[in-house]
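*Asks:* Here's a structure for you.
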Amino acid sequence: MKKTAILFLLISVFSCKKEQPKEIVIVESKKVKQSEMAALMLKMYDKNLENKKLVLEGKQPKDFPKEFLNIHTAQLTDPSDKKPSFNAFSDFYLNSFKKVYETSKDSLVFRHNNAINSCIACHETTCVGPIPRIKKLLIK
Ligand code: HEC
């Protein structure tokens, strides 16, 4: 019981600030209610991981996932993270992400990395914790 309390404390301290240690991530996914935004982010993460694999195989991702447009309306864990620049960063991200689906095959790596860099650009202003994880989506 005491241990759980300490972990919760750590979650509130670390979320968005630092890369979270593994055991906390597990506790978090089981016990803490996830915000709509966090859930959407995890889907975006998975989709971009899928896209990275496709692009590395020289294949173009198909069917732009329209649910990602919800980035404009999804509720955040901490609404004060929603800075005035948030909408601009959301559009910047959605535009670069759409280009992955519209580009010619020889620009795929470039377009994919642009999209990932636009995730990172917003995170630098709002939520630095997941940046090391997001960087793994880049194609070197
Ligand atoms: C417009 C700003 C913005 C953009 C663009 C953005 N993020 Fe986020 N991201 C956030 C914010 C704010 C949170 C914190 C959400 C919360 O706690 O409610 C977050 C949270 C996350 C998390 C942590 C989720 C969790 O709680 O476990 C991951 C992973 C993540 N983002 C990955 C990505 C990826 C990958 C992309 C690009 C495909 C991306 N983000 C684009 C602002 C952004």
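*Asks:* Given the residues Val55, Val128, which is the only one that is among the aliphatic types (A, V, I, L, M) and in a helix (DSSP H, G or I)?
*Replies:* Among Val55, Val128, only Val55 is among the aliphatic types (A, V, I, L, M) and in a helix (DSSP H, G or I).
*Asks:* OK, next. In this structure, does Asp63 turn out to be on the phi > 0 side of the Ramachandran plot and out of contact with any strand residue (DSSP E or B) (no Cβ under 9 Å at 6 or more places or on another chain)?
*Replies:* yes
*Asks:* Also, I was wondering about something else. Consider Ser96 carefully, then state whether it is within 27 Å of Lys140 (Cα to Cα) and either near the ligand (Cβ under 7 Å from one of its atoms) or assigned to a helix (DSSP H, G or I) (or both).
*Replies:* The answer is yes for Ser96.
No value in this document is a laboratory result; all are computed from the given coordinates. Everything quoted here is computed from the prediction, not taken from an experiment. For neighbour counting, all protein chains shown are included, and Cβ atoms are generated from backbone atoms with ideal geometry for every residue, glycine included.
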